Amino acid sequence: MRESSRSRAIKLMDLPTELHMQIASLLPYPDALALKHTNRHFHQFVQTGVALKVDWLIERFENKLECPMEECCFRTDEAFCNWRIRRIMKRRRHHQECRRVAGGCKVVDGQTCHPGLIPPWFRKDACREMSTTAITLLYEALEVYTLATHFDSIWVFLQVLLLHTFFWMLSR
């Protein structure tokens with residue numbers, strides 16, 4: 001079967017390098033970094049310098065999103081992407097910072113996020129993380145307080161744990 005020239009889809013790699021450079025210059029830091037690590041072609045010219053990192057952090061601060069509070073090393077991408085930056089990027093990738101209203105997406109401006117965008121395996125991990133934390137806290141409390149002698153303290157702890165879990169779920 002022969003394809004007509006009209007029905008042939010244009011691929012990203014078919015575009016000239018000048019257009020690649022123009023597209024890359026419009027990307028925020030996390031997207032530019034992801035494109036840079038796609039292949040050698042993009043790694044050669046995608047810039048993820050200090051200015052792009054600072055612009056991204058300022059944008060996050062202005063949008064009242066999580067920002068690292070400790071010192072950041074802007075020298076290289078590897079040094080910049082500490083544990084907190086990696087966590088922020090993961091939450092961004094999974095649209096966990098987006099408001100669930102029309103036009104509330106923080107990843108694609110003007111778009112609306114849907115609950116279906118978060119993959120089921122990630123939701124399971126979040127539930128598993130929350131239940132593991134709750135079990136650990138409960139176990140530690142039971143080591144300190146025995147049920148027979150400090151019955152009231154256990155119930156107070158369980159109430160605090162329940163409130164903590166509730167606020168944790170709201171913040172995600």
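The values are calculated or read from the model by the stated rules, or taken from the named source; none is laboratory data. Please read all numbers here as calculations on a predicted model, not as lab measurements. As a convention, Cβ positions derive from the backbone with ideal geometry for all residues, glycine included, and neighbour counts pool all protein chains shown.
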| note | Only one of (1) of a type outside the set (D, E, K, R); (2) over 18 Å from the mean Cα position of the chain (by Cα); (3) surrounded by fewer than 16 Cβ atoms within 10 Å (Cβ to Cβ) does not apply to residue 58, and that is (2)
| query | Here is a list of conditions, (1) loosely packed, with under 12 Cβ neighbours inside 10 Å; (2) at pLDDT 85 or above; (3) in contact with a Pro (Cβ under 8 Å, 6 or more places away or on another chain), and residue 100 meets all of them except one; can you say which number that is? | reply | (2)
| note | Reported set for region 5-49 where residues are polar (S, T, N, Q) and within 23 Å of residue 89 (Cβ to Cβ) is 25, 38, 39, 44, 47, 48
| request: For residue 65, work out the one condition from (1) in contact (Cβ under 8 Å) with a residue 24 or more places away in the chain; (2) assigned to a helix (DSSP H, G or I) it doesn't fulfil. | output: (2)
| query | Is there a residue being in contact with a Ser or Thr (Cβ under 9 Å, 6 or more places away or on another chain), in the same structural domain as residue 111 (by TED's automatic domain parsing), closer than 30 Å to residue 113 by Cα and outside any loop (DSSP other than H, G, I, E, B) anywhere in region 71-93? | reply | yes
| query | Name the residues in region 10-58 that are at pLDDT below 90 and not β-branched (Val, Ile, Thr), would you? | reply | 11, 12, 13, 14, 15
